[in-house]
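> Sharing a structure here in structure tokens format.
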Amino acid sequence: MANTVEERIKELRKVIEKANEEYYKNNAPSLSDYEFDSLLNELISLETAHPELVSEDSPTRHVGSDLGSTKGFRQVSHRYAMLSLGNTYSIGEVGDFVQRAVRGLEGKTDFTFSCELKFDGTAICLTYRRGTLIRALTRGDGLAGDDVTRNVIHIPSIPKVLTGENIPEEFEIRGEIYMPYASFDRLNSEKIEADEQPFANPRNAASGSLKLQDSSLIATRGLECTLYHFICENNPFKTHTDALDACIGWGLPVSGHRKVCRDIKEIDDYIDYWDTERKKLSFPTDGVVIKVNELDYQKELGFTAKSPRWAVAYKFQAERALTKLLSVDYQVGRTGAITPVANLEKVLLSGTFVKRASMHNEDQIRLHDIHIGDYVYIEKGGEIIPKITGVELSKRTPDVEYIVYPTHCPICGAELVRDEDEAKSFCPNSFGCSEQIRSRMFHFTTRKAMNILAGEATINQFYEKGLARTPADFYDLTLQQLLTLDSWKEKSAKNFIASLKKSLQVPFDRVLFALGIRYVGAQTAKSLAQHFGNIDAIMAASVEELEAVGDIGKVIAQSVHEAMHNEDFKNEIERLRKAGLQLSMEKKTARSNILEGKAIVVSGVFSISRDQLKEIITDNGGTTPSSVSKKTTYLLTGENPGPEKVRKAQECNVPLLSEDEFYELIGGKPEITSIEGAKSLSADRNESGKDEITDLTLF
Ligand code: IVH
């Protein structure tokens, strides 16, 4: 726990930045909305009370950013900043908002409020020119967003061409892409079936789907769109509602769940109504948005740095329950990651009884100052496993117990190591910890990996009877040994052996995935396999060479490098090689070898995205490390290159290369298809490449 205000501010900033990153970039929220908003409000209050501690880079000063969370999308500047909304959970604060508007509009009385449902999805900004959809951008960091036009055109409810009268020459309309519950359930069942990680909630499913690399899959995701904010130079409308009604006339999807209210009483009734009625809706909503309806008055009220003064979001409180924390268990994952799990006094939450809840990591426990014996709030939100979101301090008794976080693995006793980046403790004993060994074997057998017919119970028996301790042991099992398993008859044993035989044909990329190297999910395994062609080349690769692969950042590269130099891992590979597994595949061939042996670092803003440039480099035999060193051949610079990179290049005598010079070097600019010629705003935003972080820590 922080002891001083300054320490608490630092702690809150760190937690909020991390939560922003998890929410916007990894699509895997670690805090509930309510928790996040409470922490942000605490930070705002502390910064207001202590202006000397305010800092420009505080998360209270900028909106969270999803920029660069997925590679392959150009970043394009927003014509008008795309801000978020101030939000509150209290009707009293909605009243304050109304009062502020009244004061701001000095004596005017003829204004109204448009109250609307707040759709829980991911924000989108569409531009129509001469009635045709020309661009779709995500919010990004509010100033520039990812250009997702190629995906958005596959969402059926978004018209590509408008019909009707008086359509402005060019306008923007903003809204939300969301996933109805039915599509969400279907998608998650498919994911579970395919042994993939399901989405935590419909909002993550919507934003994850919007950024799919393969546009043709978008149409299968059942995404919907609702539009709620019309923006146009010389706006011809008097009110926000008039604008939205006209949009409906042109064929745009605008929700009918809106009401013009005159005062706080009407607003309050509208909120009350939807707080219960929303449970009957087929799509996710998380509140009500209240907007000053008259556009002139909106202009008069204007914006703060982060949000408009003419609108506010009232958020519905997710269903919560209060119950007693009895004890904490510590689970060891396949990756060795330790997760604290709360044992609770049984309580009813959203129709089901809950006895266990996730506590994430030690930081979360300390952040909320949770003790055993405390009464804790648990929430489900849209998520699958309930989590503890706070403590009711007024119910604390003197006998509560401090939670002593383990320093040693509860399974094997090895001393835990802490990964600061992930705020998690890990058991480093990958090859000696029974829990990790078992989960590793199980992962190897799953469908997306080797597709071997063995369930968790079988794996446990293999382990307990000492028949198999690593995946390579499967291939040495005999029929006689298999028949010693409880309830295994000749047929099951033969089926198992047949599936083992079949697994010898599983292509190299899936074998690589099956090995369960930390951070190497199916997609990363594919990229590595295609780039290097065989396991020996991967084993021989340096961290920099690994990083040069299209979608691989430093963290993944280091993890792969570490695994490839682990003696136990190398031994396992040799045994799998002897068993006959596919450890090579056809390499994606380079277009040319003009850049062979050349390490080119890319930095700045170019006419195409940095990822496209990197692909051109690797297609021509070069590598693209992320940082400048003495080994770098060129620093390829666009506009606004990273100053640190330029300084390092000068220090290491690395020549700078412009985009045009680069094209000259490779004999001309290759053809790249894109919708609009706008510049990519990719300045050094996502160089970590950490876009596919799976929970597969083994080595
Ligand atoms: S108006 C200038 N209306 O909720 C702000 N936003 O938490 C214009 N949202 O950023 C936004 N439903 O992404 C508006 N009916 C609605 C909305 C809505 C959902 C989203 C939007 C916004 C966020 C704020």
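> Karplus couplings for region 197-212 from phi (6.51 cos²θ - 1.76 cosθ + 1.60, θ = phi - 60°), rounded to Hz, Gly and Pro as x?
5, x, 6, 5, 7, x, 5, 5, 5, 5, 6, x, 5, 4, 9, 4
> Another question about this same structure. Give me C652, C433 ranked fewest to most by other Cβ atoms within 10 Å of their Cβ, as a rough exposure proxy.
C652, C433
> When a/c is below 1.5 the answer is rounded, else prolate if a/b is larger than b/c, else oblate, so apply that to region 347-415 with a ≥ b ≥ c taken from the square roots of the Cα gyration tensor eigenvalues.
Numbers: a/c = 2.13, a/b = 1.27, b/c = 1.67.
It is oblate, given that a/c is not under 1.5 and a/b is not larger than b/c.
> Which one, F426, G302, F113, is farthest towards the positive end of the dipole of the chain when Lys and Arg carry +1 and Asp and Glu -1 on their Cβ?
F426
> Right, another one. What ranking do H368, H408 get, fewest neighbouring Cβ atoms within 10 angstrom at the top?
H408, H368
> I would also like to ask the following. Using the structure shown, list the pairs from K315/K395; K280/K380; K526/K645; K554/K630; K238/K291 with a Cα-Cα distance above 22 Å, or answer none.
Pairs exceeding the cut-off: K315/K395; K526/K645.
> Using a Förster radius of 45 Å, what is the FRET efficiency between K238 and S350 based on their Cβ-Cβ separation? Nearest 0.05, please. Don't skip to the answer; put the middle values down first.
Numbers: r = 43 Å, r/R0 = 0.95.
Once the sixth-power term is evaluated, E becomes 0.60.
> Also: What shape does region 374-448 have by the C-alpha gyration tensor, where a ≥ b ≥ c are the square roots of the eigenvalues, rounded means a/c under 1.5, and otherwise prolate means a/b greater than b/c and oblate the rest? Present the calculation step by step, with values, prior to reporting the outcome.
Working: a/c = 2.83, a/b = 1.58, b/c = 1.79.
In terms of gyration-tensor shape, oblate.
> How tilted is helix 5-20 with respect to the longest principal axis of the chain? Cα atoms for both, answer in degrees (0 to 90, nearest 10).
Computed tilt is about 80 degrees.
> While we're here: Pairing the Cα long axis of helix 264-277 with the longest principal axis of the chain, what angle in degrees results, from 0 to 90 and rounded to the nearest 10?
30 degrees
> Can you tell me how much longer the chain between Q331 and K630 gets when fully stretched, taken as 0.36 nm per residue apart minus their C-alpha distance, in nm with one decimal?
Net length gain for the segment: 103.2 nm.
> Give me the distance in nm between label points sitting 7 Å out from Cα along the Cα-to-Cβ direction at V54 and L453, one decimal.
So the label points at V54 and L453 sit 6.9 nm apart.
> Here's another thing I want to ask about it. Return V5, V605, V560 ranked ascending by Cβ neighbour count within 10 Å, so the fewest neighbours appear first.
V5, V605, V560
> I've got another one for you. Answer with one residue from L133, G145, G104: the one whose Cα lies farthest towards the positive end of the charge dipole of region 94-151, charges on Cβ with Lys, Arg +1 and Asp, Glu -1.
Going by the Cα projections, it comes out as L133.
> In addition: Which value in nm describes the separation of the simple spin-label points at K501 and S434, placed 7 Å from the Cα toward the beta carbon?
Using points 7 Å along Cα→Cβ, the separation is 3.4 nm.
> Mind checking the dipole of the chain: about its Cα centre, +1 per Lys or Arg Cβ, -1 per Asp or Glu Cβ, Debye to the nearest 20?
1700 debye
> Give me the number: length gained by fully extending R8 to S592, i.e. 0.36 nm times residue separation minus the C-alpha to C-alpha distance, one decimal in nm.
Between R8 and S592, full extension yields an extra 204.7 nm.
> Using only the alpha-carbon atoms, how far is helix 554-564 inclined from the longest principal axis of the chain? Give it as 0 to 90 degrees, nearest 10.
Roughly 10 degrees between the two axes.
> What lysines sit close enough to K494 to cross-link, taking a C-alpha to C-alpha distance under 16 Å and skipping anything fewer than 8 places away on the same chain?
K502
> Of Q530, G667, Q650, which is farthest on the positive side of the dipole of the chain, counting Cα position, with +1 on Lys and Arg Cβ, -1 on Asp and Glu Cβ, and the Cα centre as origin?
Farthest towards the positive pole: Q530.
> What does the C-alpha gyration tensor say about the overall shape of region 83-155? Classify as rounded when a/c is under 1.5, otherwise prolate if a/b is larger than b/c, or oblate.
It is prolate, given that a/c is not under 1.5 and a/b is the larger ratio.
> If you wrap a convex hull around the C-alpha atoms of region 48-205 and split its volume per residue, what is the figure in Å³?
Per residue, the Cα convex hull of region 48-205 comes to 212 Å³.
> Right, next: Just to check, using Stokes-Einstein with a Kirkwood Rh over alpha carbon pairs, what's the diffusion coefficient of the chain at 20 °C and 1.002 mPa s in µm²/s?
76 µm²/s
> Using the basic label-point model (7 angstrom from Cα toward the beta carbon), what is the E277 to I91 distance in nanometres?
Going by the 7 Å Cα→Cβ label model, 1.6 nm.
> Something else: So between E169 and K491, what do we pick up on full extension, going 0.36 nm a residue minus the alpha carbon distance?
Extra length from E169 to K491 when fully extended: 108.8 nm.
> Please state the charge dipole magnitude for region 80-198, taken about the Cα centre, from unit charges on C-beta atoms (+1 on K and R, -1 on D and E), reported in debye and rounded to the nearest 20.
So the dipole magnitude of region 80-198 works out to roughly 360 debye.
> Okay, next question. Quick one: if the Förster radius is 22 Å, what FRET efficiency do S215 and E671 give, using the C-beta to C-beta distance and rounding to 0.05?
Once rounded, the FRET efficiency stands at 0.75.
> Of all the Cα-Cα pairs you can form in region 415-456, what percent are over 15 Å apart?
54 percent
> Projected area of region 142-215, taken from the Cα convex hull and averaged over every viewing direction, in nm²? All intermediate terms of the calculation are to be shown ahead of the outcome.
Numbers: hull surface 27.1 nm².
Mean shadow area of the hull around the Cα atoms is 6.8 nm².
> Give me the dipole magnitude in Debye, nearest 20, for region 342-413 about the Cα centre, with unit charges on the beta carbon: positive for Lys and Arg, negative for Asp and Glu.
So the magnitude is around 260 debye.
> Could you give the alpha-carbon Rg of region 322-447 over 2.2 N^0.38 Å, rounded to two decimals?
1.14
> Loop-only check: which GluC sites (Glu not before Pro) in region 236-324 are DSSP coil with at most 16 other Cβ within 10 angstrom?
E319
Only the coordinates and a few stated rules stand behind these numbers; no lab work does. Model, not experiment: these values are computed from the prediction. Because the Cβ atoms are built from the backbone with ideal geometry, glycine has one as well, and the counts that use them run over all protein chains shown.
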